[in-house]
Amino acid sequence: MHHSASNPMDKNQEIITICDLNKWYGDFHVLKNINLTVRKGERIVICGPSGSGKSTLIRCINRLEEFQKGSLVVDGVEMIEDVKNIETIRREVGMVFQHFNLFPHLTILENLCLGPIWVHKKPKAEAEATAMQYLERVQIPDQANKYPGQLSGGQQQRVAIARSLCMHPKIMLFDEPTSALDPEMIKEVLDVMIELAEEGMTMLCVTHEMGFAKKVADRVIFMDVGEIVEQNAPNQFFTNPQVDRTQKFLQQILNH
Amino acid sequence: MIIYVLANILPGLIDWLFISANWIGETQDDCTKEGACWVFVNAWSQQSIYGSYPTDELWRVNLCLALLTAIIVSSYLLDKSLRAKISVPLFLLFPFICILLLDGSYIGLEKISTDFWGGFSLNVLLAAASIIIAFPLGFIWALGRQSHMPFARSVSIVLIEFFRGVPVLALFFMGSVMLPLFFPEGTNVDKLLRVWIVLILFMSGYMAEVYRGGLQAIPHGQYEAADSLGLGYWQKTLLIIFPQVVKISMPNILATFVMLFKNTTFLLIIGIFEMLSTTQTALSNSYWLGGYAAEGYIFVAIVFWTCCFGMSMLAASIERQLDTVKR
């Protein structure tokens, strides 16, 4: 696949560098002095209570949110106030949303081909072949000509993942990808994400699925009130949290 | 109560409309029976449909009408990808094809001055030509109104509010009487062209507000999904937002179309011979004195109603086609 980080030279290369990032909504300080470095192929799970700024943080990476202070470099391109620059970064970064955000007026196949055809200027036949390949990978090639409204939530989210992959992104952002799903559909989406992680995709995933974090994450980051409170390898993070707030949070989400 | 009223009125009405109506003949003298004189309508049918357009050249008008029908039918039958490639450009070219054909002088045919254009065909073609231009223009105004750029936003708001706030009759008078005062002396912009421009701007104002409702109904996630794929502003707007706005706004778009179509009859007051004014001319004709107003206006009403009803049916069927959830 295109995403395998098999080249050992790549392994330690920094792909996202966030320095002293600060963001305000009016007077409300949403992100406070965030420093984060992500290496190529790294899989990061970000968790924390609601309102902690975790979604806002990953949405800054593809500029769905602006920030007021600090710097952000994605794959060697610095995020500055410039349309061309922002579009360059967005082409490298795929995103999967909580509410799927498929385009309801287009078929599944058209949803997948839109980016490759209009952004990468691929010929239609080539874009469709690639799209079918990814639909097979997320195991719903038979739904290609249906509309998003006819699919279940789990199927729609898998389509959304495939739509991002069709753009051959170097980084995938997941913003609570399973939070809007019925319990019986969470597994099918997580399976796709696990497979992707195993292929070496660089992933940043905001989720409360701690099983997923234990299984694939290289690093778990805990955020609260706009700060990165603690980050560690999953086994350390879950068995031996260093900070009180992390312990409390873990108790709350693991004990129910 | 209602039944009682109907029972009293209906038999007489049916008798007048059909049973004792005069169907056959050519002149006033053939209308001998008690009922409606449809001979009047029949005798004036060419006038009321084509105005004073020369009889030998009527094929041009018919060709325009046929072309319009063909484009509508084809856009309905073609599948989605062909529709964008064939029907949309044809629609946008249609007003200009009509001008070339009807005027004739640009393509080597006999020139027919716009003074001779008229009748119901003018209502239809003028409405269609205005709608076709106003459809995208209104969307641009609606986008302008939402824009973060102060200049684009204020210009759009002024345009939209002006053309929505001023009565259409006043706009027609401005177009026909006031506008020429601002042109440099000696320039003569055709009256029908001025009217067309007024109709486009008026319609765009209304369409912009219809679209605004649709734009507000698009979930923010659609913009974010398009952004995250790296689509540019116009790609996002045209490929993702516009189709969904049109779909959501379909009932209101149709209502606006019907309104504009009916408003074309107001053109009679500035001396354009659309269907209603040809009917009035016919009523004051010296060979047809004796009050055939009822027949004349009923005919106009039936023709307009049939067309508007047809548009409703078409829109309902488009809505069904656009419904991507239930299909």
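The values are calculated or read from the model by the stated rules, or taken from the named source; none is laboratory data. Computed from a predicted structure; not experimentally measured. FYI the Cβ positions are ideal-geometry reconstructions off the backbone, even for glycines, and counts take in every protein chain you see. Keep in mind that these areas ignore ligands, DNA and RNA; they rest on the heavy atoms of the full protein, side chains included. Shrake-Rupley method; radii C 1.70, N 1.55, O 1.52, S 1.80 Å.
For peptide A:115-128, compute the average count of partner chain beta-carbon atoms within 10 Å of each residue's beta-carbon.
Details: counts 7, 1, 1, 9, 5, 1, 0, 0, 0, 1, 0, 0, 0, 0.
Shielding by partners across A:115-128 averages 2.
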Could you work out the local net charge near residue A:167, counting Lys and Arg as +1, Asp and Glu as -1, over the other residues with Cβ closer than 14 Å to its Cβ?
+1
Along the charge dipole of region B:70-181, Cβ charges K/R +1 and D/E -1, which of B:112, B:142, B:181 sits furthest on the positive end?
B:142
Eligible aspartates and glutamates near residue A:170 by straight Cα distance, threshold 13 Å, same-chain separation 8 or greater
A:10, A:14, A:42, A:75, A:92, A:199
Report the net charge of residues surrounding residue B:270, where surrounding means a beta-carbon distance below 10 angstrom and charges are Lys +1, Arg +1, Asp -1, Glu -1.
+2
Shielding of A:103-109 by other chains, given as the mean Cβ count within 10 Å, works out to 5
The protein assembly as shown, accessible surface, carbon-and-sulfur percent (1.4 angstrom probe)
61 percent
So how tilted is helix B:2-14 from the main axis of chain B? Cα-based, degrees 0 to 90, rounded to 10.
60 degrees
If you put +1 on each Lys and Arg Cβ and -1 on each Asp and Glu Cβ, how big is the dipole of the protein assembly as shown around its Cα centre, in Debye rounded to 20?
860 debye
Per residue, the convex hull volume that the Cα atoms of region B:114-327 enclose (Å³)
147 Å³
Which value in nm describes the separation of the simple spin-label points at residue A:215 and residue B:148, placed 7 Å from the Cα toward the beta carbon?
4.0 nm
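Filter the trypsin sites (Lys or Arg not before Pro) in region A:32-72 down to the DSSP loop ones having no more than 13 other Cβ atoms within 10 Å, then list what survives.
none
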What's the buried accessible area, both sides, between B and A using a 1.4 Å probe, rounded to 100 Å²?
2200 Å²
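Test of understanding: what is the full-extension gain from residue B:312 to residue B:255, defined as 0.36 nm times their sequence separation minus their Cα-Cα distance?
Working: separation 57, 0.36 × 57 = 20.52 nm, distance 0.85 nm.
Full-extension gain reported as 19.7 nm.
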Longest principal axis of chain B (C-alpha) makes with the long axis of helix B:242-263 (C-alpha) an angle, in degrees to the nearest 10, of 30 degrees
Length-normalised contact order of chain B in % [C-alpha pairs under 8 Å, at least 6 apart]
19 percent
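Ignoring ligands, DNA and RNA, what accessible area per residue does chain A give at 1.4 Å, in Å²? Don't skip to the answer; put the middle values down first.
On the way: 11140 Å² over 256 residues.
Counting only protein heavy atoms, the per-residue value for chain A is 44 Å².
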Accessible surface of residue B:211 in the full protein assembly, 1.4 angstrom probe, to the nearest 10 Å²?
0 Å²
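How much FRET efficiency would the formula 1/(1 + (r/R0)^6) give for residue B:190 and residue A:80, where r is the Cβ-Cβ distance and R0 is 56 Å, rounded to 0.05? It would help to have the intermediate numbers written out before the result.
On the way: r = 52 Å, r/R0 = 0.93.
Efficiency, rounded to the nearest 0.05: 0.60.
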Tell me the per residue accessible area of region B:114-327 using a 1.4 Å probe; a whole number in Å² is fine.
46 Å²
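How shielded is B:45-51 by partner chains, expressed as the average number of their Cβ atoms within 10 Å of its Cβ atoms? Display every interim value, and only then the final one.
Numbers: counts 0, 0, 0, 0, 0, 0, 0.
So the per-residue partner count for this stretch is 0.
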Paramagnetic label zone (point 7 Å from Cα along Cα-to-C-beta, residue B:140; backbone N under 18 Å) in region B:203-233:
B:203-212, B:233
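Quote the FRET efficiency, to the nearest 0.05, computed for residue A:238 versus residue A:69 with a Förster distance R0 of 25 Å and r equal to the Cβ-Cβ distance.
On the way: r = 33 Å, r/R0 = 1.31.
Approximately 0.15, to the nearest 0.05.
Grab the beta carbon distance between residue B:1 and residue B:217, set R0 = 25 Å, and tell me the FRET efficiency rounded to 0.05. Mind showing how you got there, number by number?
On the way: r = 42 Å, r/R0 = 1.68.
In this case the efficiency is close to 0.05.
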Distance from a point 7 Å along Cα→Cβ of residue B:72 to each backbone N in region B:207-237: keep the residues under 12 Å and list them by number.
none
Report the Rg/Rh value for region B:172-234, based on alpha-carbon coordinates and the Kirkwood definition of Rh.
1.30
Test of understanding: what is the full-extension gain from residue B:319 to residue B:19, defined as 0.36 nm times their sequence separation minus their Cα-Cα distance?
104.0 nm
Would you give the gap between the C-alpha center of region A:214-256 and the C-alpha center of region B:173-243, rounded to a whole Å?
53 Å
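Give, as a single signed number, the net charge of other residues whose beta carbon lies under 15 Å from the beta carbon of residue B:101, with Lys and Arg counted +1 and Asp and Glu -1. Spell out each step's value before the answer.
Values: positive: B:60, B:111; negative: B:56, B:57, B:103, B:110.
Every neighbour counted, the sum reads -2.
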In degrees between 0 and 90, to the nearest 10, how far off the longest principal axis of chain A does helix A:183-198 point, with axes built from Cα atoms?
90 degrees
With springs connecting C-alpha atoms under 10 Å apart, model chain B as a Gaussian network and identify which of B:50, B:106, B:206 has the largest mean-square fluctuation.
B:106
Please identify, among A:113, A:19, A:205, the residue showing maximal mean-square fluctuation in a Gaussian network model of chain A using a 10 angstrom Cα cutoff.
A:19
Three-way shape call for the protein assembly as shown based on the alpha-carbon gyration tensor, with the a/c threshold at 1.5:
prolate
